[in-house]
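Visitor: My structure is below; once you've seen it, I'll send some questions.
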Amino acid sequence: MIFRTERLLITKLILKDLDDFYKLESDPEVLKFATGTIKNLEESRIDLNAIVSKYNIKDNNFWIYAVKRKSDATFLGTVALVKDGMEDEIGYRFLKKYWGNGYGLEICKGLISYCKQIGKTKLIAYVVDENKASAKILERLNFKKVKHFMSEDIQLPETKYEIIL
């Protein structure tokens with residue numbers, strides 16, 4: 001386990017997570033506001049293997065973890081802590097059937113706490129402007145808007161947020 005919140009367990013992804021990981025990575029609605037393309041099962045398997053292999057790299061700066069419900073270990077989605085240049089970027093994705101349950105706010109609070117514990121001093125996040133729910137979560141947690149731009153990869157207006165820990 002990496003960390004936990006009131007209802008969630010954040011763990012390393014394992015190869016047994018493939019079916020759920022594939023559901024997440026192949027859903028156009030989940031990826032609507034995210035970098036990356038819809039993946040088939042084989043592409044998802046390749047990505048999952050790459051993520052899992054990075055856990056053993058000493059200076060890895062690309063951490064993606066599973067988010068599971070504490071009560072029954074159901075896979076809900078993923079959470080990321082990755083380097084964007086010299087900055088620490090956070091992000092999350094949930095399977096659509098778990099949207100609207102407060103998990104986004106809960107995982108962001110947990111990430112902030114975890115990042116403080118491991119010595120991070122600032123976090124950033126990028127949100128497509130159309131993704132009002134995620135923007136609301138960041139603003140509620142005192143992230144500040146620092147840059148507005150047109151994303152190069154998905155060609156949508158996007159805002160960069162940051163918080164000093």
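The values are calculated or read from the model by the stated rules, or taken from the named source; none is laboratory data. Since this is a predicted model, take the numbers as computed values, not measurements. With ideal geometry, Cβ positions are generated from the backbone for all residues, glycine too; neighbour counts draw on all protein chains shown.
Visitor: Taking segment 1-30 as the region of interest, how many residues are in contact with a Lys or Arg (Cβ under 8 Å, 6 or more places away or on another chain), surrounded by 12 or more Cβ atoms within 10 Å (Cβ to Cβ) and either over 26 Å from Gln117 (Cβ atoms) or not polar (S, T, N, Q) (or both)?
Guide: Residues meeting the conditions: 13.
Visitor: Something else now. Please enumerate the residues belonging to segment 31-40 that are out of contact with any Pro (no Cβ under 6 Å at 6 or more places or on another chain) and surrounded by fewer than 14 Cβ atoms within 10 Å (Cβ to Cβ). Show your work before the answer.
Guide: Going residue by residue through segment 31-40, those that are out of contact with any Pro (no Cβ under 6 Å at 6 or more places or on another chain) are 31-37, 39-40.
Matches in segment 31-40: Lys32, Thr35, Gly36, Thr37, Asn40.
Visitor: Of the residues Glu89, Glu152, Glu158, Glu162, which is over 16 Å from the mean Cα position of the chain (by Cα) and surrounded by 15 or more Cβ atoms within 10 Å (Cβ to Cβ)?
Guide: Numbers: Glu89 fails: over 16 Å from the mean Cα position of the chain (by Cα); Glu152 fails: surrounded by 15 or more Cβ atoms within 10 Å (Cβ to Cβ); Glu162 fails: over 16 Å from the mean Cα position of the chain (by Cα).
After applying the criteria, what remains is Glu158.
Visitor: Hey, could you check segment 53-75 for residues that are in contact with a Leu (Cβ under 6 Å, 6 or more places away or on another chain) and among the hydrophobic types (A, V, I, L, M, F, W, C) and say which is nearest to Ile107 (Cα to Cα)?
Guide: It comes out as Val67.
Visitor: Pick out the one residue from Lys97, Lys109, Lys132, Lys120 that is surrounded by 13 or more Cβ atoms within 10 Å (Cβ to Cβ), charged (D, E, K, R), more than 18 Å from Thr11 (Cα to Cα) and out of contact with any Gly (no Cβ under 6 Å at 6 or more places or on another chain). Give the steps one after another, and end with the answer.
Guide: Numbers: Lys97 fails: surrounded by 13 or more Cβ atoms within 10 Å (Cβ to Cβ); Lys109 fails: more than 18 Å from Thr11 (Cα to Cα); Lys132 fails: surrounded by 13 or more Cβ atoms within 10 Å (Cβ to Cβ).
Every option except Lys120 fails the conditions.
Visitor: Continuing with the same structure: What helices (runs of 4 or more DSSP H) lie completely within segment 34-140 and have 3 or more residues being modelled with pLDDT of 95 or more and in contact with a Lys or Arg (Cβ under 8 Å, 6 or more places away or on another chain)? First the steps, then the outcome.
Guide: On the way: elements: 41-54, 103-117, 132-140.
Filter on segment 34-140 gives 103-117.
Visitor: Any residue in segment 42-68 that's at positive phi and in contact (Cβ under 8 Å) with a residue 60 or more places away in the chain: show its pairings with residues that are aliphatic (A, V, I, L, M) and surrounded by 16 or more Cβ atoms within 10 Å (Cβ to Cβ) at Cβ separation under 7 Å, as long as the two are six or more apart or on different chains.
Guide: Correct list of pairs: empty, since none qualify.
Visitor: Please work out which one of (1) within 15 Å of Leu95 (Cβ to Cβ); (2) free of Cβ contacts under 8 Å to residues at least 12 places away in the same chain is the condition Thr37 fails and give its number.
Guide: (1)
Visitor: Within segment 117-128, is there a residue that is charged (D, E, K, R) and out of contact with any strand residue (DSSP E or B) (no Cβ under 8 Å at 6 or more places or on another chain)?
Guide: No, segment 117-128 has no match at all.
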